[in-house]
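Enquirer: Got a structure for you, written out below as structure tokens; questions coming shortly.
The values are calculated or read from the model by the stated rules, or taken from the named source; none is laboratory data. Since the structure is predicted, the reported quantities are computational estimates derived from the model, not experimental observations. We place every Cβ from the backbone using ideal geometry, glycine too, and count neighbours over all the protein chains shown. Only protein heavy atoms, including side chains, enter the accessible area calculation; ligands, DNA and RNA are left aside. Shrake-Rupley method; radii C 1.70, N 1.55, O 1.52, S 1.80 Å.
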Amino acid sequence: MLLQKVEKGELLTYVDLCSAEFKHSSHEMYKEIRIHHPVCPVQFYLNKNAWLFTRYEDAMQMLKDPRISKDYHTASVEDEGEELLVAAGFEESEYLFNHMLNADPPNHTRLRAVSQKAFTPKAIARLEEKIRHIADDLLNKVELKQTINLVDDYSFPLPIIVICDLLGIPKEDRDKFRKWSNAIIDSSEDPEQIAENAILLKEFLEYLRAITAQKRQEPQEDLISTLIFAEEDGQRLNEKEIYSTLMLLIVAGHETTVNLITNTVLALLQHPDQFQLLKDNPSLLDSAIDESLRFYSPVELATERWASEAMTIHGQDIQKGDPIIVSIAAANRDERMFDNPDIFDITRKNNRHLSFGSGIHFCLGAMLAKLEAKIAVQTLINRFPSMQLAEKEVEWRGNYLMRGLEKLELHL
Ligand code: HEM
């Protein structure tokens with residue numbers, strides 16, 4: 001996604017919002033955009049023009065406004081990303097993308113209600129012991145090492161084990177998910193990459209078909225069985241909705257949490273005073289996780305939305321069908337909302353960050369994600385209280401939606 005660089009209020013050359021380079025300096029640029037261009041023109045995927053929102057109040061409004069649609073049919077727009085996949089040989093995208101995050105009410109309400117049955121506070125609390133075991137097991141494997149890559153050794157496997165466990169996916173299949181979910185979140189416009197993604201998506205859908213068929217024959221106490229048999233208003237999910245919901249839960253349930261765990265450890269080690277404060281006051285863990293969510297938002301941009309009718313915001317005319325992009329990361333550093341927004345402060349009060357979104361699409365897994373991150377960070381600190389960053393510079397992954405690291409090397 002291309003954004004015109006802003007200096008002293010002037011829009012200059014284009015920069016790529018998804019690039020790793022941009023992620024290093026994004027907050028300086030967002031600050032300028034918040035001041036001078038509250039409704040900022042950007043060139044989105046496939047050179048479409050879109051509007052970027054960076055102020056907290058506006059971001060909140062765009063996430064909650066019923067005139068802003070998540071279903072491209074409602075906004076009467078073409079999904080060109082889907083068309084490219086079809087052209088590359090993957091013709092069944094409606095079997096993977098027919099989920100709640102791409103739906104408006106009443107469809108959204110029905111799809112969300114079925115999955116919500118598995119995400120009650122009680123059901124999440126029951127996972128606590130299991131997550132502790134997983135965290136301990138992973139750290140047992142590395143405790144004799146001097147240096148680890150936190151992502152590969154800990155942050156990546158932990159959420160994938162949890163979500164696979166919740167869904168009822170066998171252990172031996174877990175490793176396949178990394179390449180499948182990378183293909184889903186990839187926003188490349190390179191034809192070779194799109195063709196490769198199309199093959200991976202076919203594989204992923206075949207896998208979902210097979211495992212769903214198996215659970216239909218022999219239901220278990222797991223989320224896949226719940227999705228197959230749960231009824232909402234006397235209706236069950238159809239095949240397309242089941243596979244799409246599974247895809248959403250797998251991708252949303254782990255890519256994001258990997259980043260939250262890694263980014264929290266990074267932020268703490270980059271701010272030794274805050275790290276010490278947390279070690280001296282473990283009761284600050286909840287607020288440290290919230291501050292990490294705000295400071296290094298794992299989901300940098302909310303997913304694409306469209307104006308379902310014409311409107312004017314801050315004097316800017318927006319046409320029906322125009323894409324709307326909300327920068328969660330920029331809203332979370334808005335000086336109108338947060339005091340000293342660029343300071344990482346684990347004692348911050350009233351931290352009403354937007355990292356899990358807002359409105360009807362508020363993250364279904366927020367409670368689970370926080371629990372996983374709390375246990376992961378606490379266990380790591382308890383086991384390795386003197387850990388340190390092995391390298392001063394880190395490299396953010398170039399990705400449209402997420403803020404995360406490919407690797408984080410730590411001296412234990
Ligand atoms: C939606 C963030 C973990 C499931 C969202 C949205 C955000 C978000 C920002 C709204 C997107 C939008 O409106 O465009 C995060 C972050 C996580 C996390 C930062 C971890 C740190 C999880 C987990 C699960 C999950 C663990 C499930 C296992 C979902 C689902 C939705 C969603 C199903 C769609 C809700 C709807 O459309 O009603 N998440 N998420 N997320 N998230 Fe998460």
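Enquirer: Among the lysines in region 244-379, how many pairs, 8 or more places apart or on different chains, have alpha carbons under 29 Å apart?
Expert: 5
Enquirer: Mind jotting down the distance between the C-alpha centroids of region 79-125 and region 213-265, whole Å?
Expert: If we compute the Cα centre of each part, the gap is 10 Å.
Enquirer: Let me ask something else about it. What percentages, rounded to whole numbers, describe P(r) for region 2-411 computed over all alpha carbon pairs with 10 Å bin width beginning at zero?
Expert: P(r) over region 2-411, rounded to whole percents: 4, 22, 32, 27, 13, 2, 0.
Enquirer: Determine the per residue accessible area of region 353-412 with all protein chains present and a 1.4 angstrom probe, expressed in square angstrom.
Expert: 42 Å²
Enquirer: Would you calculate the volume per residue, in Å³, of the smallest convex hull containing every Cα atom of region 212-320? All intermediate terms of the calculation are to be shown ahead of the outcome.
Expert: Values: hull volume 22.8 nm³, N = 109.
With only Cα atoms used, region 212-320 gives 209 Å³ per residue.
Enquirer: Hey, can you rank 270-280, 194-204, 111-121 by average C-beta count inside 10 Å, highest first?
Expert: 194-204, 111-121, 270-280
Enquirer: Take every Cα pair under 8 Å in the chain that's 6+ residues apart, average their separations, divide by the length, and report that relative contact order as a whole percent.
Expert: 26 percent
Enquirer: Going highest first, how would you order 62-70, 246-254 by mean Cβ packing within 10 Å?
Expert: Per-residue Cβ counts within 10 Å, averaged per peptide and sorted highest first, yield 246-254, 62-70.
Enquirer: With a 1.4 Å probe and all protein chains left in place, how much of the accessible area of the chain comes from carbon and sulfur atoms, in whole percent?
Expert: 49 percent
Enquirer: Going out from 0 in 10 Å bins, what whole percent of all Cα-Cα distances in region 160-218 drops into each bin?
Expert: 20, 47, 25, 8, 0
Enquirer: Considering amide H positions built from the backbone, and no H for Pro or chain starts, which residues 5 or more places from Asp322, or on another chain, come under 5 Å of its amide H?
Expert: When sequence neighbours closer than 5 places are left aside, the close amide H contacts are Ala307.
Enquirer: Just how large is the dipole of the chain about the Cα centre, in debye to the nearest 20, putting +1 at every Lys and Arg Cβ and -1 at every Asp and Glu Cβ?
Expert: Computed about the Cα centre, the dipole is about 1200 debye.
Enquirer: While we're looking at this one, here's another question. Per-residue ellipticity at 222 nm for the chain, helices alone: DSSP H runs ≥ 4 residues times -39500 (n - 2.57), over residue total, nearest 500 deg cm²/dmol? Please list the in-between numbers first.
Expert: Details: 15 runs with 192 residues, N = 412.
That calculation yields -14500 deg cm²/dmol at 222 nm.
Enquirer: On full extension of the chain, what length is gained from His411 through Lys240, given 0.36 nm per residue of separation minus the C-alpha to C-alpha distance?
Expert: 57.0 nm
Enquirer: Now a separate question. At a Förster distance of 25 Å, what's the computed FRET efficiency of Gln146 paired with Ser19, Cβ-Cβ distance as r, to 0.05?
Expert: Working: r = 33 Å, r/R0 = 1.32.
Efficiency, rounded to the nearest 0.05: 0.15.
Enquirer: Roughly what % of Cα-Cα distances in region 90-181 sit above 21 Å, to the whole percent?
Expert: For region 90-181, the fraction of Cα-Cα distances above 21 Å is 51 percent.
Enquirer: Same structure, new question: Less than 26 Å apart at the alpha-carbon level, and either on another chain or at least 8 residues along: which lysines does that give for Lys202?
Expert: List returned: Lys70, Lys171, Lys176, Lys179, Lys215, Lys240.
Enquirer: Counting other C-beta atoms within 10 Å, and keeping those with at most 13, which DSSP coil GluC sites (Glu not before Pro) do you find in region 227-275?
Expert: When the GluC sites (Glu not before Pro) of region 227-275 are filtered for loop state and at most 13 Cβ neighbours within 10 Å, Glu231 remain.
Enquirer: Now a separate question. Based on alpha-carbon positions alone, could you give the equivalent ellipsoid semi-axes of region 268-406 from the gyration tensor, as √(5λ), descending, whole Å?
Expert: In descending order, the three semi-axes are 33, 16, 15 Å.
Enquirer: Now for a different question. Report, by chain and number, residues whose modeled amide H sits under 5 Å from the one on Ala390, excluding near sequence neighbours (fewer than 5 apart, same chain).
Expert: Close amide H contacts, sequence-distant or interchain: Glu409, Leu410, His411.
Enquirer: I need the peptides 90-98, 122-130, 346-354 ranked by packing, meaning the mean over residues of other C-beta atoms within 10 angstrom, with the highest value on top. Working shown, then result.
Expert: Working: 90-98: 18.8, 122-130: 12.8, 346-354: 16.3.
Ranked from most to least packed, the peptides come out as 90-98, 346-354, 122-130.
Enquirer: Specify which residue in the list Tyr56, Asn140, Tyr154 is farthest towards the positive end of the charge dipole of the chain, using unit charges on the beta carbon of Lys, Arg (+1) and Asp, Glu (-1), about the Cα centre.
Expert: It is Asn140.
Enquirer: Quick one: how many Å² of Trp396 are accessible to a 1.4 Å probe, rounded to 10?
Expert: Surface open to solvent at Trp396 totals about 20 Å².
Enquirer: Just add up the charged neighbours of Ser358: K/R +1, D/E -1, any other residue whose Cβ is under 10 Å from the Cβ of Ser358.
Expert: Taking every Cβ under 10 Å from that of Ser358, the sum is +2.
Enquirer: Right, something else. Please compute the contact order of region 95-207 in relative form: average sequence separation of alpha-carbon pairs under 8 Å and at least six residues apart, divided by the residue count, as a percent.
Expert: The normalised contact order for region 95-207 reaches 17 percent.
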